[in-house]
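What follows is one structure encoded as structure tokens, with my remarks underneath.
The values are calculated or read from the model by the stated rules, or taken from the named source; none is laboratory data. Note that this is a predicted model, so its numbers are computed, not measured. Every residue, glycine as well, gets a Cβ built from its backbone with ideal geometry; the counts of neighbours run over all protein chains shown. Surface areas here come from the heavy atoms of the whole protein model, side chains and all, with no ligands, DNA or RNA. Shrake-Rupley method; radii C 1.70, N 1.55, O 1.52, S 1.80 Å.
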Amino acid sequence: MKKAYKTEVLLTATQQQKANQTIGVCRYVYNLYLETAQNHYKETKKHLSGFDFSKWLNNVHTQQNDKWIKDVSSKAVKQSIMNGDRAFKNFFKGVSKFPRFKKKKNEDVKAYFPKNNATDLTVERHRIKIPTFGWVRLKEFRYIPSNAKVIHCTLSKKAGRYFISVLCEVTKRQTTYEYETEGIGVDLGLKEFAVCSNQLIFENVNKQERIIKLEKRLKRQQRKLSRSVEQNKNRKRGEFCARNRQKQLLVVQKLHARLANMRKEYIRFVVGVLVKTKPAYIAIEDLNVTGMMKNRHLSRAIASQNFKQFRDFLTVKCLEIGIEIRLVDRWFPSSKCCSSCGEKNVGLSLADRIFTCEHCGLEMDRDFNASLNLQYTKKYTVLTE
Ligand SMILES: [Zn+2]
């Protein structure tokens, strides 16, 4: 089984410079590949493969231009080309949109390092050996198991901090799972994050004071940032202003990262609590998040709830432990059915917080009723891997 460990690393000044350089070159080469492949397609109506581009880059292009490409790890450069190649292939298959150029401010480029020889990517308690970098200090000791078989790693930068993601081959735990409580249905929503059929209720993290405060601060700093852009235009990109803009950009990036971390942490907490009750199974709704996001009044609220991330974390955790994870059909009317007699209440609108059944007279919280329906439904698929 493959498992990825992502953790922060502490880089020395020279290593930081090297990391920025490697990531920068990878971004440049990725964009160069996109541009060259597009032009190539316009002229010949054929796709320029990453393999051919790499050959041209090494044997022709870097002989005269952009010699500095050779200054960084060639494997990292090769991988960024292959990433571009895959982006094109996904587009041809219709899986994803047309590949876009990478921008520095998006921080979405990673430097890739494979394990080439025995001493590469050796993990010790407090440090890891990265090709062309040497020993790099880890911030969290013993997180990456030092006896694990490392396959490759990627180095990334986010809001002024550096992270390493190490992919390892680990042996699966061979323990049999024994449940202690019955299965639970989990109804995700906007008012509460999750209402479970075993009476557990998880509040919406975005309604917490600490998140609201941070959101406010972010808004203020973003305003400041956008004003600094205007300043730059007026002063014709003065050196002093550009540097202040970089500083302000970092402030905004840090706030974004902190908010994202807090939300992620909360989701991990919810998953942990659910798993620790040792249920027979967990049933969740297959939410159509993309469809829901089209409602522009709710899209912001839905995006900040990270339902997709919750489902991914929960699935990974459940599969690891051995809990059955049931995905209930998207069109299953979980909130409109009565959990006691099964009668459908068609007239129920989103504003009704209390579910009432005309058939048997049941009165119950709307979300709790939905979670019970999810728990007992037979219309589900069991998720595997
Ligand atoms: Zn009823």
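ASP286 fulfils the conditions (1) open to solvent by less than 40 Å² (accessible area, probe 1.4 Å); (2) at pLDDT below 95; (3) more than 30 Å from ASN369 (Cα to Cα) except for a single criterion, (3).
Screening region 361-381 for residues that are within 15 Å of the ligand (Cβ to nearest atom) and exposed (fewer than 11 other Cβ atoms within 10 Å of the Cβ) and picking the one that is nearest to ASP329 (Cα to Cα) gives GLU363.
Residues that are under 24 Å from LYS129 (Cα atoms), of a type in the set (A, V, I, L, M, F, W, C), without any contact (Cβ under 8 Å) to a residue 60 or more places away in the chain and open to solvent by 20 Å² or more (accessible area, probe 1.4 Å): does region 29-37 have at least one?
Of all residues in region 29-37, those under 24 Å from LYS129 (Cα atoms) come to none.
Among the residues of region 29-37, not one is under 24 Å from LYS129 (Cα atoms), of a type in the set (A, V, I, L, M, F, W, C), without any contact (Cβ under 8 Å) to a residue 60 or more places away in the chain and open to solvent by 20 Å² or more (accessible area, probe 1.4 Å), which makes the answer no.
Being of a type in the set (A, V, I, L, M), closer than 25 Å to GLU178 by Cβ, away from the ligand (no atom under 16 Å from the Cβ) and out of contact with any helix residue (DSSP H, G or I) (no Cβ under 6 Å at 6 or more places or on another chain) is the requirement here; does LEU274 meet it? Taking the combined requirement at face value, the residue satisfies it. How about region 139-159: which of its residues are farther than 30 Å from GLN253 by Cα and part of a loop (DSSP other than H, G, I, E, B)? PRO145, SER146, ASN147, ALA148 - these are the residues of region 139-159 that are farther than 30 Å from GLN253 by Cα and part of a loop (DSSP other than H, G, I, E, B).
Quick one: would you say THR62 is surrounded by fewer than 18 Cβ atoms within 10 Å (Cβ to Cβ) and either of a type in the set (Gly, Ala, Ser) or within 23 Å of ILE151 (Cα to Cα) (or both)? Criteria not met by THR62.
Residue-wise test of (1) surrounded by 19 or more Cβ atoms within 10 Å (Cβ to Cβ); (2) of a type in the set (A, V, I, L, M, F, W, C); (3) within 16 Å of the ligand (Cβ to nearest atom).
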{"position": "MET293", "(1), (2), (3)": "no, yes, no"}
{"position": "ALA303", "(1), (2), (3)": "no, yes, no"}
{"position": "GLN309", "(1), (2), (3)": "no, no, no"}
{"position": "LEU314", "(1), (2), (3)": "yes, yes, no"}
{"position": "LEU319", "(1), (2), (3)": "no, yes, no"}
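Of the strands (runs of 3 or more DSSP E) that lie entirely inside region 177-233, not one contains 1 or more residues that are open to solvent by 50 Å² or more (accessible area, probe 1.4 Å) and touching a Pro at 6+ places or on another chain (Cβ under 7 Å).
Quick grid of which residues meet (1) away from the ligand (no atom under 15 Å from the Cβ); (2) touching a strand residue (DSSP E or B) at 6+ places or on another chain (Cβ under 7 Å); (3) closer than 18 Å to LEU274 by Cβ:
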site	(1), (2), (3)
GLY322	yes, no, yes
TRP331	yes, no, no
LYS344	no, yes, no
PHE355	no, yes, no
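Looking only at residues in region 99-157 that are modelled with pLDDT of 90 or more and acidic (Asp, Glu), the one that is least open to solvent (accessible area, probe 1.4 Å) is GLU124. For region 325-348, the condition holds for at least one residue, the condition being that it is of a type in the set (A, V, I, L, M), modelled with pLDDT of 85 or more, surrounded by 13 or more Cβ atoms within 10 Å (Cβ to Cβ) and within 26 Å of MET1 (Cβ to Cβ).
The strands (runs of 3 or more DSSP E) found entirely in region 312-385 that carry 1 or more residues being β-branched (Val, Ile, Thr) and over 33 Å from the mean Cα position of the chain (by Cα) are 354-356.
Filtering region 71-86 to residues that are under 19 Å from GLY24 (Cβ atoms) and out of contact with any strand residue (DSSP E or B) (no Cβ under 6 Å at 6 or more places or on another chain) leaves ASP71, VAL72, SER73, SER74, VAL77, LYS78, SER80, ILE81, MET82, ASN83, GLY84.
Of all residues in region 277-311, those satisfying the criterion of being part of a helix (DSSP H, G or I), farther than 23 Å from THR381 by Cα and of a type outside the set (Ser, Thr, Tyr) are ARG300, ALA301, ILE302, ALA303. Between VAL25, VAL29, VAL95, VAL136, the distinction of being closer than 25 Å to ALA159 by Cβ and not in a helix (DSSP H, G or I) belongs to VAL136 only.
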